Amino acid sequence: MVRIRKAGHHGILLPELKIGLDYSGSKAEHYFVSHAHADHMPRNRKLTVYATPPTARFMKLRGFGGEVIELEFGKPLETENARITLYPAGHILGSAMTFVESELGSVLYTGDYRTPPAPATEGFQLPENSIDQFITEATFSLPIYKWKSEEELSAQIHNFASTSLKEGYTPIFTAYNLGKAQELMYILKELNHPIQIHGAGFKLCGVYEEFGFPLGDYETYNRETCEGKILITPSSALGTGFASSVKKKRIAYCSGWAANESRQTQLTVDELIPISDHLDFFELIDLCEKIQPKKVWITHTPNPKVVQYYLDQLGITSGFLDLEGDGQ
Amino acid sequence: MPMNTFHTLAQLAQKISSTRGNNAKIKLCVEYLSGLESDRDVELATQYLSEGAFSSVSGKKASVGYRTIATLAAEFCEIDYELVFKPSRTATGSSSETIQRLLENIPEARAKWKAEHLTLEEINDIFESLYITSKRDLKQQLLLNAWKKMTPLEVKYFIRILGQGSLRIGFETKGVESAIAKTFEKNLETVRYARMITGSVGKTAVLAKHNCLNEATFKMFSPISFMLASPIESRAVSDLSEYIAEEKFDGMRCQAHISGGKVELFSRDLNHITPSFPDIIEFFSSRDLPDTVLDGEICVFKDDTILPFQLLQKRMGVKKPSEKLLSDYPVLFITYDLLFLDGVPLFDDSLIVRRKKLEELANTYSIPITSQMELESKDDMEDLFKRALAHGNEGLMLKRKDSNYEYGQRKKSWLKVKKPSGSLDTVMLYAHAGSGKRGGTYSDFTLGISVKEDERYEEEFIPIGKAYGGYSDKELKKMNALIKEITLERFGPTLLLKPQLVIELEFEDIQINKRTKAKFTLRFPRFKTIRWDLSLNDVDTLKDVERMYKEKLSEERERQGKNPSFVFKN
């Protein structure tokens, strides 16, 4: 089987194939970036990397200085000893799972992903060929996490916005600049109400439009004119004056972590909308059962043992990719 | 659905929880209460929302521990307790919420419950059965049968109500009192007075419903909530001469009800603590007092010296103290207020008036009462403060001479002057995401001490406390910048940090707590200084903590001598 090495916070290395997956170190020759969130983009800004076309655009807009070679979903890239194909991950626009096939075996690295896919994405698709090793994130790896259906969440989002507006309040959704913000806009556009989005998120919206995801009637946030619009911002901006001119406002916190009730008082928000761009615990276990890999590698979780315990019961071998060292 | 089901109440609680603003919460509660018809439903609903499974004066408790509930929940969901339940509980920070979500999510659990729309009265029956059942497995059987008939939402609130604690919906007794006043168009103060007097929110609601709030009168042996003190730092005192000073005793607050030979003692949370202190019962019952209610402090007192609170802890909660325990740790009830005398409540009298009556009573019946000192200047206060500390007491209490006994309230009529007990150099281990106004920053921190050279531990550092404040906004910003660099792993809202940043932590007291890794916890830990200048080698060790704890126990305490904290003419 292909050797897998986790390089601290600097991604994953397949040393024999010299392939880096969201990897920032110097020991790879071929670098693949799963999606354009900061914790997955290389810290070394001079690298040459492969990524999907939307991810390439986002990376440039977010200040990546190296070269990004665009690689379409489903179009394999051949290296001297491996074949790499990207598959849609359903996390944010452009997010990809990296499928590596070689004589040593195959590896699917999920990056961040969601199945069923988030609405404003290219969907979620698994490779047809068999997967020997499955490296999966497990951000929400406890049975307390089970997402509501898309219909329920959309209804909650619509209802929060329209009720607030009707009662004379300006609705504010707090969401991450890339991905969650645009997903909300995509869902909210049905309301046909003008939206203003924080500048850092605004500059990324054009990529969604370009790739066929219209985001409705939106403009960049303007302190003078934001009252009465639907507002979208990362929560950090609320502390630094965002919409501070608006007296009557209501805030919705949109994140998978919103499933935990304590977030409401911790963050002083009016509504918790548990909309996640990761899969939930049950979806994760189901997916592993469906794929039946020779080995599941778990990352990005404080609770790997919980996942392993359930996989054991299904007879699926698994391991935890800790911060350092080889998977074993 | 009928209004008097427990499910309707649970839905109300959930709605109140997710609604912001006190008035909006009260409005929801008023709408709900207006829809209830029978007196019994009004009584139970208001009681469940504010007091718990039993009225606080009933003296009843379901006595169902956390583990009983948590292990049953794991069994119900067919999940591993250690491996699956515990981390889930850690992630939510609430066992009841965890149980609600597991019952909703896990297919094996879903198959077991079916909403049967139990009424409030049926829920009361379940609480009563839990009260009279003492064995754990039988209690679990009762709980299991109950949960099978409830929705997960109901189970969550059922557990919280059972715990006799807060429902954690940002709506406490005060809110329920306001809702009762609004629903039945009564004056809020009248409702509050009746609640204090009856000791029962449910009974008060029924009285309000029938226009009979005036029937609520003070009764002996029903405890009334204590008047509380604010820290002096939070209040600007313009004229010290309006206050009288007393030493703040290193003991336990207590209310004594005495009528003939009968004596009952109540703790600050209004629990019945009579059985633990037969010596105090004997003391009062032998004195042939008129009907009396006293507010005061229980202290361990030996060789003319007030001994540390830690020694009093050996007597607390012991239902039948042995002769040895009684003679090793003899206690005294030191009185500082008189709330009721010979059929007349005195809450509405000024402190001066109450004190005069208390002094007469103490003279006649030989009861220890506090020494009261006049203050003219800050220097006076400083001197008295030092004397109090020398006696082994915590500091001073300043009480406004013209104040009534403001039961159940923490206002500025009583002020406490305390000295922080100590400080430790600790290392930051975890950062927790922002509370409230500090959303988006990491504002709560778990601090650790060193066990590097401690053969009892494998770790280098272990947690000793969690601090939420004491830093400036600027410092918080600077810390957050550093935290980004030293984050090792992210667990949702919590960051595991590389031990590096040294924090000088200030706290009130060190207490033994067997459930923590260090076996000690700090009371009220907060930041004193960020020690950018110190390194990991400067971090205090667990041995230091143990030493401080021991020192505190064995600190020299001055005998009462010629300027005593209290007067006792035996």
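Hand me the list of helices (runs of 4 or more DSSP H) wholly inside the range B:4-113 holding 3 or more residues that are small (Gly, Ala, Ser). Outline the logic, then answer.
Details: elements: B:6-18, B:22-34, B:39-50, B:66-77, B:86-92, B:95-105, B:107-110.
By residue number, B:6-18, B:66-77.
Could you please find all residues in the range A:246-263 being farther than 17 Å from A:Tyr176 by Cα, facing chain B (nearest Cβ under 10 Å) and either among the basic types (Lys, Arg) or surrounded by 19 or more Cβ atoms within 10 Å (Cβ to Cβ) (or both)? It would help to see each step written out before you state the result.
First, pick out the residues of the range A:246-263 that are farther than 17 Å from A:Tyr176 by Cα: A:246-250, A:260-262.
Adding the requirement that they be facing chain B (nearest Cβ under 10 Å) leaves A:250, A:260-262.
Across the range A:246-263, the qualifying residues are A:Arg250, A:Asn260, A:Glu261.
Step by step: first the residues of the range B:63-78, then only those that are of a type in the set (A, V, I, L, M, F, W, C) and within 22 Å of B:Ala53 (Cβ to Cβ), then the one that is farthest from the other protein chains (Cβ to nearest Cβ). Which residue is that?
Here is the first cut: in the range B:63-78, the residues of a type in the set (A, V, I, L, M, F, W, C) are B:64, B:69-70, B:72-74, B:76-77.
Still in the running and within 22 Å of B:Ala53 (Cβ to Cβ): B:64, B:69-70, B:72-73, B:76.
On the way: B:Val64: 22, B:Ile69: 16, B:Ala70: 14, B:Leu72: 17, B:Ala73: 12, B:Phe76: 13 Å.
Applying the filter and picking the extreme gives B:Val64.
Could you list, in sequence order, the residues of the range B:44-85 that are closer than 18 Å to B:Arg192 by Cα and at pLDDT 95 or above?
Passing the criteria: B:Leu44, B:Ala45, B:Thr46, B:Gln47, B:Tyr48, B:Leu49.
How many of the residues making up the range B:280-305 are in a strand (DSSP E or B), over 24 Å from the mean Cα position of the chain (by Cα) and under 25 Å from B:Arg559 (Cα atoms)?
Here is the first cut: in the range B:280-305, the ones in a strand (DSSP E or B) are B:292-302, B:305.
Then keep just the ones that are over 24 Å from the mean Cα position of the chain (by Cα); that gives B:292, B:301-302, B:305.
Among the residues that remain, those that are also under 25 Å from B:Arg559 (Cα atoms) are: B:301-302, B:305.
Adding up the residues that qualify gives 3.
Working only within the range B:294-311, note down all residues that are surrounded by fewer than 19 Cβ atoms within 10 Å (Cβ to Cβ) and under 30 Å from B:Leu361 (Cα atoms). Break it down into steps so the answer makes sense when it comes.
In the first step, residues of the range B:294-311 are kept if they are surrounded by fewer than 19 Cβ atoms within 10 Å (Cβ to Cβ); the result is B:302-305, B:308, B:310-311.
Passing the criteria: B:Lys302, B:Asp303, B:Asp304, B:Thr305, B:Pro308, B:Leu311.
Out of the residues in the range B:495-518 that are over 19 Å from B:Glu475 (Cα atoms) and among the hydrophobic types (A, V, I, L, M, F, W, C), which is farthest from the chain's Cα centre (by Cα)?
The qualifying residue farthest from the chain's Cα centre (by Cα) is B:Leu496.
Just to check your reading of the model, which residue among B:Thr217, B:Thr198 is in contact with a Ser or Thr (Cβ under 8 Å, 6 or more places away or on another chain) and either modelled with pLDDT under 90 or crowded, with 16+ Cβ neighbours inside 10 Å (or both)?
Values: B:Thr217 fails: in contact with a Ser or Thr (Cβ under 8 Å, 6 or more places away or on another chain).
Result: B:Thr198 is the single residue among B:Thr217, B:Thr198 that is in contact with a Ser or Thr (Cβ under 8 Å, 6 or more places away or on another chain) and either modelled with pLDDT under 90 or crowded, with 16+ Cβ neighbours inside 10 Å (or both).
Scan the range A:271-293 for residues that are within 17 Å of the chain's Cα centre (by Cα) and either within 12 Å of another protein chain (Cβ to nearest Cβ) or under 21 Å from A:Phe160 (Cβ atoms) (or both) and report the count.
9
Can you name the strands (runs of 3 or more DSSP E) wholly within the range B:442-493 that have at least 2 residues being over 19 Å from B:Val545 (Cα atoms)?
So the answer is B:442-450, B:487-491.
Within the range A:23-42, can you find the residues that are modelled with pLDDT under 95 and of a type in the set (D, E, K, R)?
A:Lys27, A:Asp39
Restricting to the range B:312-333, count the residues that are under 20 Å from the mean Cα position of the chain (by Cα), of a type in the set (A, V, I, L, M) and closer than 21 Å to B:Leu389 by Cβ. Don't jump to the end; show me each part of the working.
Pass one, the range B:312-333, residues under 20 Å from the mean Cα position of the chain (by Cα): B:312-318.
In the following step, the residues that additionally are of a type in the set (A, V, I, L, M) were identified as B:312, B:316, B:318.
Now drop any that are not closer than 21 Å to B:Leu389 by Cβ, which leaves B:312.
Looking only at that region, the number is 1.
Between residues in the range A:4-16 that are more than 15 Å from A:Trp297 (Cα to Cα) and modelled with pLDDT of 95 or more and residues that are surrounded by 14 or more Cβ atoms within 10 Å (Cβ to Cβ) and among the β-branched types (Val, Ile, Thr), which pairs lie under 7 Å by C-beta distance while being six or more apart or on different chains?
Listed pairs, sorted by first residue: A:Glu16/A:Val2.
Mind telling me which of the residues A:Lys60, A:Lys46 ends up being over 19 Å from A:Arg3 (Cα atoms) and free of Cβ contacts under 8 Å to residues at least 12 places away in the same chain? Don't jump to the end; show me each part of the working.
Working: A:Lys46 fails: free of Cβ contacts under 8 Å to residues at least 12 places away in the same chain.
One residue alone meets the criteria, A:Lys60.
Are any residues in the range B:79-97 within 9 Å of chain A (Cβ to nearest Cβ), surrounded by 20 or more Cβ atoms within 10 Å (Cβ to Cβ) and either of a type in the set (Gly, Ala, Ser) or under 10 Å from A:Tyr145 (Cα atoms) (or both), and if so, which ones?
Once the filter is applied, which keeps residues that are within 9 Å of chain A (Cβ to nearest Cβ), surrounded by 20 or more Cβ atoms within 10 Å (Cβ to Cβ) and either of a type in the set (Gly, Ala, Ser) or under 10 Å from A:Tyr145 (Cα atoms) (or both), the range B:79-97 yields B:Ser88, B:Ala91.
The values are calculated or read from the model by the stated rules, or taken from the named source; none is laboratory data. Bear in mind the structure is a predicted one, so any value in this text is a computation, not a measurement. As a convention, Cβ positions derive from the backbone with ideal geometry for all residues, glycine included, and neighbour counts pool all protein chains shown.
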